[in-house]
1. Cα-Cα over 27 Å: which of LYS68/LYS417; LYS35/LYS276; LYS103/LYS306; LYS16/LYS276; LYS123/LYS309; LYS103/LYS276?
2. Run the numbers on the chain and let me know its relative contact order in percent, using alpha-carbon pairs under 8 Å that are six or more apart.
3. Checking the cross-link filter: which aspartates and glutamates have an alpha carbon closer than 20 Å to that of LYS118, excluding same-chain neighbours under 8 positions apart?
4. List the trypsin sites (Lys or Arg not before Pro) in the range 280-331 that DSSP assigns to loop (not H, G, I, E or B) and whose Cβ has at most 13 other Cβ atoms within 10 Å. Which are they?
5. Taking the Cβ of each residue in SER315, SER84 as the centre, tally the other Cβ atoms inside 10 Å and list the residues starting with the fewest.
6. Got a sec to turn the phi values of the range 170-185 into Karplus ³J(HN,Hα) couplings, 6.51 cos²θ - 1.76 cosθ + 1.60 with θ = phi - 60°, whole Hz, x for Gly and Pro?
7. Could you line up VAL337, VAL76, VAL286, VAL261 from fewest to most neighbouring Cβ atoms inside 10 Å?
8. Over 28 Å between Cα atoms, which of LYS112/LYS136; LYS150/LYS206; LYS256/LYS427; LYS150/LYS195 qualify?
Amino acid sequence: MDQIIKGFSKLSREEKIEILRRHFQLPEDFAEILKTFRHPDRQELFDDFSENTLSNFYLPFGVAPNFKIDDNMYVVPMVVEESSVVAAASRAASFWAKNGGFKTTIHNTLKKGHIWFKWDGPKSFFANMPEGLEEKLREAVVPLTANMEKRGGGVRAMEIIPLEGEYGLFQLHISFETVNSMGANFINSCLEEMKEPLKEFFNINKDFKQYGETEIIMAILSNYTTECLVTSTVECPIEALSPFSAGMEPAGFAQKFKRAVDIALSDTSRAVTHNKGIFNGTDAVVIATGNDFRAAEAAGHAWAAKDGKYRSLSSCEITEKGTFKMDLTLPLALGTVGGLTRLHPMAALALEMLGNPSADELMGIAAAAGLANNFSAVASLVTTGIQKGHMKLHLSNLLKSLNATEEEQKAAMDHFKNETVSALKVKEFLKR
């Protein structure tokens, strides 16, 4: 297609489908395939979640039982399409439930937003907040913050920070507490409302005006939520690790496991895959509960590189007392009210399954899921290898993609019970 489609968003769904079918020479049953995945009763709700919606894209909604987190038992909902993620989380959860469970620490729950502006005066003016500015800005957002303050949230602190290496560019840095909501819309609305009062303050105050007009560049929250941190920890005697050591002596397994984590702390290429394994679990919970997994990932990866080198988000320790300890710390701004958390029926159901947790509790649950998947993945890597378990669970998908009959699928499942699965081996088996 080499021409622009004008007014596409104004077309009906049927018109959009027909234009796409003709322009891209799609199959005659294109519309029917899309219709198959539309919800018979609630499609109007789903259509409003996004723009130019043609249908729905289904992902599996699974659960990982036996998560003991801060002495509470959970069945954790997980939305993920990758084979073995839920199984790995479930196996780790069951193991750690018998060994003290996951312990979580919420370090803080503050989010931040910035108003970026240009002003040609000296940085020394902002050693402290200019007198009267904070009061003026707080007053401007009273209609927006009143309800949030009743719930225990609101604007917490402000400071002006010069942009390093750039003359005349500054950020008004504002910390927010949004309680059980992720708070993106609240924060952005407050920042937008503060733009004009900020500009007015500079342009009226003669001390600032002498350096020229102030230009507001933009106002936006930051997803790098370094003051919204959670740590999840597991710990057990080294001898207890035998269910995961695949016949290896637990002490040797623990040492090998620690070396693998240490490699991810030192080598960026390994750290990226290591952290991806963490987000297998964390993202699955974030998506299931209607939260923003892109924000969670962006913050987590930035945190992994906070000292200038991209590293593992988790660490492992073998203590002098003969215990194995593993922990995971990441910034995780989640909500249990607002957005899709209650609007999406499956997200609302997921939160009900978790006992309608607070945002703090959900942070701990998502971090525990990430640590569970990380533990299972590293344990597999240093023993049987990652493919053995992963490909066993992927076997069903492989057989379907190769159009295996029901009889062939059953025979293959039996054959590969004690065999390593690979696409080539499955193809050869079906040929035989």
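Bear in mind that the values in this text are calculations on the coordinates, not laboratory data. Predicted, not measured: the structure shown is a model, and the values here were computed from it. Here the Cβ positions follow ideal geometry from the backbone for every residue, glycine too, while neighbour counts run over all protein chains shown.
1. On the way: LYS68/LYS417 30 Å; LYS35/LYS276 34 Å; LYS103/LYS306 24 Å; LYS16/LYS276 36 Å; LYS123/LYS309 29 Å; LYS103/LYS276 22 Å.
Beyond 27 Å between Cα atoms: LYS68/LYS417; LYS35/LYS276; LYS16/LYS276; LYS123/LYS309.
2. 17
3. GLU131, GLU134, GLU159, GLU164, GLU166, GLU192, GLU193, GLU196, GLU200, ASP207, GLU213, GLU215
4. Details: sites: ARG294, LYS306, LYS309, ARG311, LYS321, LYS325; in loops: LYS306, LYS309, ARG311, LYS321.
In loop regions of the range 280-331 (DSSP not H, G, I, E or B), the sparsely surrounded trypsin sites (Lys or Arg not before Pro) are LYS306, LYS309, LYS321.
5. Working: SER315 16, SER84 22.
Sorted ascending by nearby Cβ count, the order is SER315, SER84.
6. Result, ordered by residue: 9, 10, 8, 9, 10, 9, 10, 10, 10, 6, 8, 9, 4, x, 4, 5 Hz.
7. Values: VAL337 17, VAL76 28, VAL286 25, VAL261 20.
In order of increasing Cβ crowding within 10 Å: VAL337, VAL261, VAL286, VAL76.
8. Numbers: LYS112/LYS136 19 Å; LYS150/LYS206 37 Å; LYS256/LYS427 35 Å; LYS150/LYS195 24 Å.
Among LYS112/LYS136; LYS150/LYS206; LYS256/LYS427; LYS150/LYS195, the Cα-Cα distance tops 28 Å for LYS150/LYS206; LYS256/LYS427.
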